[in-house]
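The structure under discussion appears below in the form of structure tokens.
What follows is calculated from the coordinates using simple rules that are stated; it is not laboratory data. Note that the coordinates shown come from a computational prediction; the quantities given were computed from them, not determined experimentally. With ideal geometry, Cβ positions are generated from the backbone for all residues, glycine too; neighbour counts draw on all protein chains shown.
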Amino acid sequence: MIGSGGREHALCLALRRDPAVDGIVCAPGNAGTAEIAVNRPVDVADLAALVALAGELAPGLVVVGPEVPLVAGAADALRAAGHRVFGPSAAAATLEGSKTFAKDVMAAAGVPTAAAVSTADPAEARRELERLAALGDPLVVKDDGLAAGKGVVVTTDLAAAVAHAEACLARPGGRVVLEEYLDGPEVSLFAVVDPRGGIHPLLLSQDHKRLADGDEGPNTGGMGAYAPLPWAPADLVPQVRAAVLEPVVAELARRGTPFEGLLYAGLALTRRGVRVVEFNVRFGDPETQAVLALLATPLTQVLLGEAEPAWLPGAAVTVVLAAPGYPAAAVTGGLVTGLDEAGAVPGVQVLHAGTARTPEGVVATGGRVLAVTAVGEDLGAARMAAYRAMGRVQLGGGQWRTDIGLAAERGALSV
């Protein structure tokens, strides 16, 4: 398992439940993965080191968790060395690595998405934002490249939108995508694409991107998620499969860059129908923590496309604990306590992200420190257990939302 976040801890937990798995090595891992796997200190961006470690271990399967090594070509390098890998090639991973490329693929495949302008020119960006501002809708500015889930600004403040665009363009090779605003709730759908091009959708989930309750504050990498979605139309997954997933997989194959791995569609359910907000090429964080908590099928069978996923009854809710100062300037090094007490709540798993174990105990090493995921007979029961557990975790200045899944529990969401 390559990676060190909450996503990788959730994947490791699911793999540990799989009878086909004899053992797990996580590179580099975190304080949570160390309890169920062997951590190895490898830089995920160092492809030569990843290939060397795989050569030493001769694993039955390598799962590449984060987007950075995928876009850099980790799956290609590992496959070239003879290893079985879950994850797309670098060429196919450009679907996440460049929003401009993703828009081009969607246009060729006839996939519905927001109208957009891609530019590397600050003057053109300002003119386009001024034009969009005159229409009265919120402004959407996206960094074209990888930005760890924090490269998007949605605002009614023209000056703030221009400033974000200019900051993105100031970087070497900078490019921005300026989009029309999509109304309606956003949802996430993961699908495993097997080596034969077969598509295997997982559960729908919903992420909460804003830092604070009521969807206030800056965008983050995700402050919580829940699954499934009791308010979503019953035919939504088949609809997305036919209108989005199958055309994109077919278009990538037509271009000679077939997709294999995890295709993640971020979707807006608008008044005009489903629209793609973005694609990712790996499991999303924190949705993975909620989705995999409900998986009944052995994970290796799902990853290899050998079985359609089956699901446990009930619901799962994930609540993220972030470090003080996150997302602008996370303050790390704080001691995290109460983890055993949180994990003792029935139906709860504590999933580590930015953590490390020291002689003093577990300390925060990243912006998103950990999450609690609770499974319950319904969304209300899962929420109650998750917040009961989170109330037992202590981190000075730590931040967490109190409303993950609340609107869905109250029946306040609809399409």
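Points to keep in mind about this one:
- If the chain linking GLU377 and ARG131 were pulled fully straight, counting 0.36 nm for each residue of separation and taking away their Cα-Cα distance, it would gain 83.7 nm.
- For region 115-179, the Cβ-based charge dipole about the Cα centre amounts to some 140 debye (Lys, Arg positive; Asp, Glu negative; other atoms uncharged).
- Normalised convex hull volume, region 115-179, alpha-carbon set, Å³ per residue: 74
- Positive end of the dipole of the chain (Cβ unit charges, origin at the Cα centre): among LEU158, THR113, LEU129, the Cα lying farthest that way belongs to THR113.
- Inter-label distance for TYR181 and ALA107, nm, one decimal - labels placed 7 Å from Cα along Cα-to-Cβ: 2.5
- Relative contact order %, the chain, counting alpha carbon pairs below 8 Å whose residues are six or more apart: 16
- Order of CYS168, CYS12 under a 10 Å beta carbon neighbour criterion, fewest first: CYS168, CYS12
- The ranking of TRP400, TRP231, TRP311 from fewest to most other beta carbons within 10 Å of each one's beta carbon is TRP311, TRP231, TRP400.
- When +1 charges are put on Lys and Arg Cβ atoms and -1 charges on Asp and Glu Cβ atoms, the dipole computed for the chain relative to its Cα centre reaches about 100 debye.
- Annotation: the residues TYR387, TYR226, TYR326, sorted from fewest to most other C-beta atoms within 10 Å of their own C-beta, follow the order TYR387, TYR326, TYR226.
- Each helix, a run of at least 4 DSSP H residues, gives -39500 (n - 2.57); summed and divided by the residues of the chain, these come to -8500 deg cm²/dmol at 222 nm.
- 3J(HN,Hα) from dihedral phi, region 22-34, Karplus parametrisation 6.51/-1.76/1.60, rounded to Hz, x for glycine, proline: 8, x, 10, 10, 10, 10, x, x, 8, 5, x, 5, 4
- Filtered trypsin sites (Lys or Arg not before Pro), region 125-205: DSSP coil and at most 11 other beta carbons within 10 Å: ARG196
- On the basis of the beta-carbon distance and an R0 of 45 Å, ALA58 and ALA120 show a calculated FRET efficiency of 0.50.
- The reciprocal of the average 1/r between distinct C-alpha atoms defines the Kirkwood hydrodynamic radius, which for region 223-293 equals 13.6 Å.
- Burial ranking of peptide ranges 53-60, 291-298 (average Cβ count within 10 Å, highest at the top): 291-298, 53-60
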